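The values are calculated or read from the model by the stated rules, or taken from the named source; none is laboratory data. Since the model is a prediction, treat every value here as computed from it, not as a measurement. We place every Cβ from the backbone using ideal geometry, glycine too, and count neighbours over all the protein chains shown. Accessible surface is based on the protein model in full, side chains and every heavy atom, while ligands, DNA and RNA are left aside. Shrake-Rupley method; radii C 1.70, N 1.55, O 1.52, S 1.80 Å.
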Amino acid sequence: MLNKLRLLTPGPTPLPERVRLALARDMIHHRKSDFMAVMARVQKRLCELFGTKGPVLPLACSGTGAMTAAVYSLFRPGDAVLVVEGGKFGERWTEIARMRGLEPVIVSVPWGSAVDPAAVAKTLDENPGIRGVLMQISETSTGVLHPVRDVAAVTRARDVLLVADGISAVGLSPCPMDEWGIDCLLTGSQKGLMLPPGLALIALSDRAWERAEAEKPGCFYFDLPAERKKLAGNQTHFTSPVNLIVGLDESLDMLLEDGLDTIYKKQWALTAMTRAGAAAMGFDLFAPDHFAWGITSIVLPFGVDGQKVLASAQEKYGVCMAGGQDRLKGRIVRIGHMGWVDWADVLAGLHALARSVIDCGGFTASQDYLEIAMSAYRAAIDVPPGAPVPAVFVRS
Ligand SMILES: *Cc1c(COP(=O)(O)O)cnc(C)c1O
């Protein structure tokens, strides 16, 4: 009873009370007018969130379901696709592509680094048969933000579809789909959207819709043209995840009430804060140059066991954070600062991290890491209206 449990993980995330109350409402029927009115409202604002003329299709599944829907709808067995692999989720694209019978050509990126768009262009030039590029916007396993905007400039100039996994980017850092030229953008409910897991969202460009309409759907459940038809009447093909869509109606209200730029500024400030705090402790950041705005990966001091640090942070300080996956297991801590998380939660997370590292035999370089973190937050959030925003804030 001493601590309240704070989720600082890259999904699921804490939920605002407004959203929780909306989720608790009684059932409405997914084929009746009450629900259709909710869908119409949600649809309009999803288009704003995705930066697309739409539509944005809701699917009842986790984010990986939308990844599967993209691969099974846009490509046919035997197609070659380029996969940017710089972490666990890049590898997932390869696995899904192989399951569909595609031939993945892998552009491998060291974990912690971002892909070089020139390497994508070169691989496409060397393999003219490639029909799509599959990549993450934010590679959650490493905390890297890939330069999707620059990759889109490469794919847009060719007959190659860019499929972007925005599961830990949509609602967290800018990725305006139509403006950048992303052909398929998808996300899941439990990361940036302040919702429980179980709902995925996916949107296609005109040329991606042409491809989807021309291909036979690869599986019965994920039939995107059929979903699009139903959505024109504000319904989904199968039974809708009604409560999640009612919750989404509420969370979109919150996300958009002060404009998307306010959300991005908050996410940028939380990122600057977390990085400044960790650096003041003397820890290296795992993604030094190109970093996501909803998660920060921190390298633990040599000899400190990451799994013990995480257990201590949760049991003694009430903060649940994520560790590394695969080869990074035990070596890094990933602090999620997405969803309904603010500066005070990040302060708790930084404190829990520092104390737990000390509990596990390490030490911190400075005692002032909380002050330093707060200063970084204020410097980022106090940019006055009309003042030029820091260059890094507008970087893709
Ligand atoms: C969380 C995440 C996924 C997996 O999503 P699920 O909802 O667990 O299926 C895929 N890609 C990225 C970038 C993620 O952050």
Surface/4 estimate of mean projected area, convex hull on alpha-carbon atoms of region 218-326, nm²: 11.7 nm²
Residue of G171, G282, G63 that the Gaussian network model of the chain assigns the largest fluctuation, springs spanning Cα pairs under 10 Å: G282
Cα-centre dipole for region 105-255 with unit charges at Cβ (Lys and Arg positive, Asp and Glu negative), debye to 20: 220 debye
Accessible surface of the chain, 1.4 Å probe, proportion on carbon and sulfur as whole %: 54 percent
Amide N of region 308-336 lying under 15 Å from the label point, which is placed 7 angstrom from the Cα of K4 along Cα→Cβ: 318-320
Estimated distance in nm for a label pair at D159 and D258, the labels positioned 7 Å out from Cα along Cα-to-Cβ: 4.8 nm
Mean projection area, nm², convex hull over Cα of region 17-256: 11.7 nm²
Dipole axis of the chain (+1 Lys, Arg; -1 Asp, Glu on Cβ), positive-most option in V341, I130, G277: V341
Pairwise FRET efficiency - S113 versus E213, Cβ, R0 = 41 Å, nearest 0.05: 0.65
Helix runs (DSSP H) in the chain reaching 20 Å along axis by Cα, Kyte-Doolittle at least 0.5: 242-256, 343-359
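Give me the dipole magnitude in Debye, nearest 20, for the chain about the Cα centre, with unit charges on the beta carbon: positive for Lys and Arg, negative for Asp and Glu.
On the way: 40 positive and 42 negative charges, 131 e Å.
Once rounded to the nearest 20, the dipole reads 620 debye.
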Partners for K53 among lysines (Cα-Cα distance below 29 Å; same-chain residues under 8 apart left out): K32, K44, K191, K216, K229, K230, K265, K266
Solvent accessible area, Å² - V19, 1.4 Å probe, full protein context: 0 Å²
FRET efficiency estimate (nearest 0.05) - Cβ-Cβ, D289 to E126, R0 22 angstrom: 0.25
Cα lying deepest toward the dipole's positive end in the chain, options A373, Y264, I96, charges on Cβ: I96
Candidates M374, M36, M67, ranked by Gaussian network fluctuation over the chain, Cα under 10 Å, top entry: M36
Accessible surface, per residue, of the chain when the full set of protein chains is kept, probe 1.4 Å, Å²: 40 Å²
Loop-resident sites, region 283-356, for trypsin sites (Lys or Arg not before Pro), counting at most 13 other Cβ within 10 Å (DSSP): K329
Region 259-393 shape via C-alpha gyration tensor axes, a/c threshold 1.5: prolate
Restricting region 222-257 to trypsin sites (Lys or Arg not before Pro) in coil, as DSSP defines it, with at most 13 other Cβ within 10 Å: none
Partners for K4 among aspartates and glutamates (Cα-Cα distance below 14 Å; same-chain residues under 8 apart left out): E315, D345
Cα-based Kirkwood hydrodynamic radius, region 17-106, one decimal, Å: 16.0 Å
Accessible-area value, E257, 1.4 Å probe, nucleic acids and ligands omitted, Å²: 110 Å²
